[in-house]
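**Q** Got a structure for you, questions after.
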Amino acid sequence: MLIRDAADADLPGITAIHNHAIRHTTAIWNATEVDIANRRAWLAERHRAGYPVLVALDDGHTVLGYAAFGDWRAFEGYRHTVEHSVYVRHDRQGGGIGRALMLALIDRARALRKHAMVAGVEAGNSGSIRLHESLGFRQVGLLPQVGTKFGAWLDLVFLQKLLDHRETPD
């Protein structure tokens with residue numbers, strides 16, 4: 001498996017994974033699928049902000065998963081904190097792809113001198129919660145019934161990992 005920065009050629013695979021999650025899971029709380037133009041604009045925005053979008057490839061061409069992070073909140077005081085997402089193709093989950101993407105993403109956040117990473121995970125997604133906890137994230141909050149999908153209220157778990165232990169921010 002190869003993990004590298006995403007390119008335009010990866011957008012069909014990223015879009016397919018994203019739309020599958022929209023149609024079949026509560027990992028993404030949207031009901032409207034996206035097209036490649038939408039993902040192209042998203043990728044360009046991440047690049048403009050200096051943030052990574054990583055893909056995992058099996059043979060150099062097939063996207064097995066992707067991961068990215070961006071600003072957690074759009075205020076200067078939060079500049080050292082990022083929120084991330086990681087998605088693995090539905091037929092390849094549980095094989096270490098998400099872990100590999102997360103480890104690479106954590107390295108990128110450290111290289112950018114970020115101090116904290118935050119994940120918002122639907123409370124019923126025990127696989128994602130376990131993955132994050134195995135990587136040193138800890139649950140720091142629960143927001144009951146803040147979302148809805150498939151006719152049900154959804155709870156949001158926040159997990160956080162501190163990336164360094166600087167005494168004071170810059």
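**Q** Which condition number does L105 fail, the rest of (1) among the aliphatic types (A, V, I, L, M); (2) crowded, with 16+ Cβ neighbours inside 10 Å; (3) part of a loop (DSSP other than H, G, I, E, B) being met?
**A** Of (1) among the aliphatic types (A, V, I, L, M); (2) crowded, with 16+ Cβ neighbours inside 10 Å; (3) part of a loop (DSSP other than H, G, I, E, B), only one is false for L105: (3).
**Q** Same structure again: Within region 36-43, identify whether any single residue is surrounded by fewer than 15 Cβ atoms within 10 Å (Cβ to Cβ), farther than 22 Å from K149 by Cβ and modelled with pLDDT under 95, and answer yes or no.
**A** Looking through region 36-43, none of the residues is surrounded by fewer than 15 Cβ atoms within 10 Å (Cβ to Cβ), farther than 22 Å from K149 by Cβ and modelled with pLDDT under 95.
**Q** For A27, indicate whether it is in contact (Cβ under 8 Å) with a residue 40 or more places away in the chain, assigned to a loop (DSSP other than H, G, I, E, B) and farther than 17 Å from S85 by Cβ.
**A** Numbers: in contact (Cβ under 8 Å) with a residue 40 or more places away in the chain: yes; assigned to a loop (DSSP other than H, G, I, E, B): yes; farther than 17 Å from S85 by Cβ: no.
Spelling it out, it is not the case that A27 is in contact (Cβ under 8 Å) with a residue 40 or more places away in the chain, assigned to a loop (DSSP other than H, G, I, E, B) and farther than 17 Å from S85 by Cβ.
**Q** Hey, another quick one. Check region 61-74 and report whether any residue there is modelled with pLDDT of 95 or more, among the hydrophobic types (A, V, I, L, M, F, W, C) and assigned to a loop (DSSP other than H, G, I, E, B).
**A** yes
**Q** In region 66-80, is there at least one residue being in contact with an Asp or Glu (Cβ under 7 Å, 6 or more places away or on another chain) and within 23 Å of P12 (Cβ to Cβ)?
**A** There is at least one residue in region 66-80 that is in contact with an Asp or Glu (Cβ under 7 Å, 6 or more places away or on another chain) and within 23 Å of P12 (Cβ to Cβ).
Every residue, every condition in (1) closer than 29 Å to R40 by Cβ; (2) touching a helix residue (DSSP H, G or I) at 6+ places or on another chain (Cβ under 9 Å), yes or no:
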site	(1), (2)
D58	yes, yes
F75	yes, no
Y78	yes, no
G94	no, yes
I97	yes, no
L135	no, yes
L143	no, no
G147	yes, no
F150	yes, no
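**Q** Tell me the residue from L101, L105, L162 that is closer than 15 Å to L54 by Cα, touching a His at 6+ places or on another chain (Cβ under 8 Å) and of a type outside the set (G, A, S), please.
**A** Values: L101 fails: touching a His at 6+ places or on another chain (Cβ under 8 Å); L162 fails: closer than 15 Å to L54 by Cα.
Selected residue: L105, the only one of L101, L105, L162 that is closer than 15 Å to L54 by Cα, touching a His at 6+ places or on another chain (Cβ under 8 Å) and of a type outside the set (G, A, S).
**Q** Then there is this: I'd like the full set of residues that are free of Cβ contacts under 8 Å to residues at least 60 places away in the same chain and either within 18 Å of G127 (Cβ to Cβ) or not in a helix (DSSP H, G or I) (or both), limited to region 31-50. If you could, list the steps in order and put the result at the bottom.
**A** Looking only at region 31-50, we keep the residues that are free of Cβ contacts under 8 Å to residues at least 60 places away in the same chain, and these are 32-49.
Within region 31-50, T32, E33, V34, D35, A49 qualify.
Conditions (1) closer than 23 Å to V146 by Cβ; (2) touching a Lys or Arg at 6+ places or on another chain (Cβ under 8 Å), marked per residue:
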residue	(1), (2)
I17	no, yes
T25	yes, no
H47	no, no
G96	no, no
A116	yes, yes
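**Q** Continuing with the same structure: If a residue has to be under 18 Å from E122 (Cβ atoms), in contact (Cβ under 8 Å) with a residue 60 or more places away in the chain and surrounded by 14 or more Cβ atoms within 10 Å (Cβ to Cβ) to count, how many in region 1-24 make the cut? Reasoning before the result, please.
**A** Initially, region 1-24 is screened for residues under 18 Å from E122 (Cβ atoms), giving 17-24.
Adding the requirement that they be in contact (Cβ under 8 Å) with a residue 60 or more places away in the chain leaves 17-18, 20-21, 24.
Subset that is surrounded by 14 or more Cβ atoms within 10 Å (Cβ to Cβ): 17-18, 20-21.
Of the residues in that region, 4 qualify.
**Q** Look at region 114-156 and say how many of its residues are touching a His at 6+ places or on another chain (Cβ under 9 Å), assigned to a strand (DSSP E or B) and either surrounded by fewer than 13 Cβ atoms within 10 Å (Cβ to Cβ) or in contact (Cβ under 8 Å) with a residue 24 or more places away in the chain (or both). Outline the logic, then answer.
**A** Of region 114-156, the ones touching a His at 6+ places or on another chain (Cβ under 9 Å) are 114-119, 121, 138-139.
Filter again for assigned to a strand (DSSP E or B), leaving 116-119, 121, 138-139.
Then drop every residue that is not either surrounded by fewer than 13 Cβ atoms within 10 Å (Cβ to Cβ) or in contact (Cβ under 8 Å) with a residue 24 or more places away in the chain (or both), which leaves 116-119, 121, 138.
Qualifying residue count for the region: 6.
The values are calculated or read from the model by the stated rules, or taken from the named source; none is laboratory data. Quantities reported herein were computed from a predicted structural model and do not represent experimental measurements. A quick note on method: Cβ atoms are made from the backbone with ideal geometry, for glycine too, and the neighbour counts reach across all protein chains shown.
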